[in-house]
1. Could you compute the FRET efficiency for residue 80 and residue 106, with r as their C-beta to C-beta distance and R0 at 30 Å, rounded to 0.05?
2. Ranked highest first by the average count of other Cβ atoms within 10 Å around their residues, in what order do 17-27, 114-124 fall?
3. Label residue 96 and residue 49 with points 7 Å out from Cα along Cα→Cβ: what is the distance between them in nm?
4. Please tell me the relative contact order of segment 8-245 in percent, rounded to the nearest whole number, where contacts are Cα pairs under 8 Å and at least six residues apart.
5. Connecting C-alpha atoms closer than 10 Å in a GNM of the chain, tell me which of 131, 79, 182 has the biggest fluctuation.
6. Of 112, 96, 61, which has the largest mean-square fluctuation in a 10 Å C-alpha GNM of the chain?
7. Sort out for me the Cα centre separation of segment 49-68 from segment 220-252, rounded to whole Å.
8. Classify segment 146-242: rounded, prolate or oblate, from the alpha-carbon gyration tensor (a ≥ b ≥ c, eigenvalue square roots; a/c under 1.5 rounded; otherwise prolate if a/b is larger than b/c)?
């Protein structure tokens, strides 16, 4: 398929995990992607793997100046932006009795504020192209889980922000949607050691997800590509569950 031939896609958190899977899908469908992340080495590896239709900008979504610079560099390279995918984010454990303010803030900064900063910086360009935004939320944005208060709160915010953004930008022809994945194999849990035995965690996903397996980045990438495409031209404010049925169980 070439639904995105010559389209310009900006992806935060695009160096690894779901973000990289999304970038791969867009490149396969003819797009040119620009990846934004903090780790230069990972970005260079990702661009090398993706090939000539990929570029990167080193930046932190938590810094408005970095977001503005990333948008400016993308426009300098390609002259436009058609789609923004907000995939950057972190996870952290802790419940109401033991989560610290610093830990709560560490999770909220990229997951909520970073999404806001990059969306604000990109929106003027998306208005020009009648483009769209796809946010990465989570099943935890709609279902409560013990010992995960900051992450659940941050993803609940993303889901609501998606719908508010959709209403705000609809008059200007910009659609805003989100996906809400279940457990997807990526670096997310391992980077912060949120799940000490990651292999066991993935194995347990066979029982916590009704379809009997954890997700892969490609599973989420397909849904994001659909929402970003002209096939979804009359869809905005949608928060699509891509979780193997996990939202129906609340199992962890």
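1. Values: r = 34 Å, r/R0 = 1.13.
After rounding to 0.05, the efficiency reads 0.30.
2. Working: 17-27: 25.5, 114-124: 21.6.
With the highest mean Cβ count within 10 Å placed first, the list reads 17-27, 114-124.
3. The two pseudo-label positions are separated by 4.0 nm.
4. Working: 488 pairs, mean separation 48.8, N = 238.
Relative contact order, segment 8-245: 21 percent.
5. 79
6. Per the Cα network of the chain with a 10 Å cutoff, 96 tops the list.
7. Using only Cα atoms, the two centres lie 24 Å from each other.
8. Numbers: a/c = 2.82, a/b = 1.78, b/c = 1.59.
In terms of gyration-tensor shape, prolate.
Computed from the coordinates by the stated procedures, all read-outs in this text should not be read as laboratory data. What you are looking at is a predicted structure, and each value in this text was computed from that prediction instead of being measured. Ideal geometry is used to build each Cβ from the backbone, glycine not excepted, and the neighbour counts take in all protein chains shown.
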